[in-house]
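The structure appears right after this line, and notes come after that.
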Amino acid sequence: MKLLHKEFEKDGRGNATLIAEESEDLWHLYNLSMKGDTVKAMTYRKIQKEGSTGTVQTEVKKIMLTLEVKSIEYDAAGNCIRYSGKNCEENQWVKMGAHHTLEIELNNKMTLGKDCWDAIHLQELDEATDVHKTSEVAVILLEAGVANFHLLTAVLAKDVHRVSVALPRKRATTTGYDKAVVRFYEQVYQGIKDHIDLGLVKCVLLAGPGFVKDDFLTWMAQKATQNGDTNVLQKKSIFISVHASCVHKQALKELLADEQVQKSIANTKAAAHLKALEEFYAMVQKEPDRVCYGPKQVKEAIDKCAVQILMVVDSLFRNANVGLRKQYVEMVESASNQGGTVHVFSSQHVSGTQLAQLAGIAGVLRFPLPEVGDIDSEAGLSDADEPDDVRKGADMEEDADAFM
């Protein structure tokens, strides 16, 4: 994501002007945005004008609008984010308080404003605008006639391409079958060149239940040599053939747990998250008193300075309740200040899906805390500790929305 400008006050108020350049940027933008923020961008709106004779004409105008956000919708398939809210800046075409929906797509310039950019927001902004951010692992799930392409980044597991070629049954003469297989391989080869940036990914996993992946890897090396395709030949070492039980998306989970794959992606963020999860599950088996999961268990452990590794799924920070979000942010800051390692998992990633099954938050402890196990792991945090002024303000806003 391109950061064009940012301006923050000492009290945390500020704004950032951004351009989402790829799908992952939109996911970061979705995580950065909350109800109550302001979003400024170009949009189209129908404008009615009354003529001197009393006739009303309608035209569609391109205008700059600033909305106070009421709801946010992330559309992964359409590669866009929709912000619905009320106009909060004077405009000659749109009344103050008028409802509108801004649709932010790739390469659209927009300005996001907040009353308070907390530590998690600032960390998310830094990660989103990091120029070294790349797609970390490409996965091609292969079986006869079918190839599914996926890109695994630090926060997304994205479907990018699919190849499907009908293969005839093998007969006494296999000429037709062999031609169909070559046609399939050529489409997969072209898919690699069109949809995978070999200069960015750290490895390309060819996976599937049979021998198609191995046969294709051999064919690809010969094809690249014949064509003099130096881009593929120079990156031949990053292609790895591994077994997978199927060619569907659920195979990504088992691939990330494979030892050979882990060695290849050892320096990626996905590997760090997976290693933290494995350490948690290993500790459950060996010393169950040294793990905690669920908001209340983890909060109790942090209050006792016991958390060595904290894992949180990013969806917890999108909580509409300002007080609850603030408590999660404080838990992350406290664990970090106590010398713990904090991992923020993406709910759109394979590892984030696993963590979500543990109520979205879990920790490995420095020392045993048997009493933490008595706390209900599914119990959520209470906003009872939230400051009165924050809680009262939130209640007033809810009442106002209900009244409107």
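The values are calculated or read from the model by the stated rules, or taken from the named source; none is laboratory data. Note that the structure is a prediction, hence the values are computed from the model and not measured. As a convention, Cβ positions derive from the backbone with ideal geometry for all residues, glycine included, and neighbour counts pool all protein chains shown. Protein only, heavy atoms only, side chains kept; ligands, DNA and RNA dropped before computing areas. Shrake-Rupley method; radii C 1.70, N 1.55, O 1.52, S 1.80 Å.
Within the chain, DSSP assigns beta bridges of which about 80% are antiparallel (rounded to the nearest 5).
Relative to the current alpha-carbon distance between residue 186 and residue 305, full extension at 0.36 nm per residue lengthens the span by 37.2 nm. Dipole of the chain computed with +1 at Lys/Arg Cβ and -1 at Asp/Glu Cβ about the Cα centre; of 79, 101, 281, farthest Cα towards the positive end is 79.
For the residue pairs 158/286; 109/296; 6/326; 213/263; 249/296, alpha carbon separations beyond 30 Å are given by 158/286; 109/296; 249/296. Is the C-alpha gyration tensor of the chain telling us rounded, prolate or oblate? Criteria: a/c under 1.5 is rounded; beyond that, a/b larger than b/c is prolate, otherwise oblate. Since a/c reaches 1.5 but b/c is at least a/b, the shape of the chain is classed as oblate. Taking the C-alpha atoms only, the angle from helix 212-227 to the longest principal axis of the chain is near 80 degrees.
Measuring nothing but protein heavy atoms, the accessible surface of the stretch 11-157 at 1.4 Å probe radius is 45 percent carbon and sulfur. Comparing 152, 355, 167 in a Gaussian network model of the chain, where Cα atoms under 10 Å apart are tied by springs, the biggest mean-square fluctuation is seen for 167.
Take the chain with all the other protein chains still there, run a 1.4 Å probe, and you get 52 Å² of accessible area per residue.
Rounded to the nearest 10 degrees, the angle from helix 119-128 to the longest Cα principal axis of the chain is 40 degrees.
In whole angstrom, how far apart do the alpha carbon centroids of the stretch 321-353 and the stretch 227-294 sit? About 22 Å separates the Cα centre of the stretch 321-353 from the one of the stretch 227-294. Overall, the stretch 156-283 carries a charge dipole of about 340 debye about its Cα centre when +1 sits on the Cβ of Lys and Arg and -1 on the Cβ of Asp and Glu, all other atoms neutral. Comparing mean-square fluctuations of 39, 313, 181 from a GNM of the chain with C-alpha springs under 10 Å, the top value falls on 181. Cross-link partners for residue 304 among the aspartates and glutamates, with Cα-Cα distance under 13 Å and sequence neighbours closer than 8 places in the same chain left out: 371.
Counting only Cβ charges, +1 for Lys and Arg and -1 for Asp and Glu, the dipole size of the chain around its Cα centre is about 1940 debye.
Each residue of the stretch 352-359 was assigned a 3J(HN,Hα) from its phi angle through the Karplus curve 6.51 cos²θ - 1.76 cosθ + 1.60 (θ = phi - 60°); the sequence is x, 5, 5, 5, 4, 6, 9, 6 Hz, with glycine and proline shown as x. Close amide H partners of residue 47, meaning residues 5 or more places away or on another chain with modelled amide H under 5 Å apart, are 59, 60, 61. Near the amide H of residue 247, within less than 5 Å, lie no amide hydrogens of residues on another chain or at least 5 residues away, with H placed in the peptide plane.
Taking θ as phi - 60° and the Karplus parameters 6.51, -1.76 and 1.60, the scalar couplings of the stretch 376-381 work out to 4, 5, 9, 6, x, 6 Hz in sequence order, x denoting glycine and proline.
The order of the peptides 198-204, 16-22 by mean Cβ neighbours within 10 Å, most packed first, is 16-22, 198-204.
Axis angle, to the nearest 10 degrees, between helix 322-337 and the longest C-alpha principal axis of the chain: 60 degrees.
Rounded, prolate or oblate for the stretch 155-250? Axes are the square roots of the Cα gyration tensor eigenvalues, ordered a ≥ b ≥ c, and the cut-off for rounded is a/c under 1.5. The shape class here is oblate. Cross-link partners for residue 49 among the aspartates and glutamates, with Cα-Cα distance under 12 Å and sequence neighbours closer than 8 places in the same chain left out: 59. Does the stretch 1-159 come out rounded, prolate or oblate by the C-alpha gyration tensor, with a ≥ b ≥ c the root eigenvalues, rounded set by a/c under 1.5 and, if not, prolate when a/b is larger than b/c and oblate if not? It is oblate, given that a/c is not under 1.5 and a/b is not larger than b/c.
Spin-label model, residue 236/residue 127: points 7 Å from Cα along the beta carbon direction are separated by 3.7 nm.
A Cβ-based charge dipole, computed about the Cα centre of the stretch 273-330 with Lys and Arg at +1 and Asp and Glu at -1, lands at about 200 debye.
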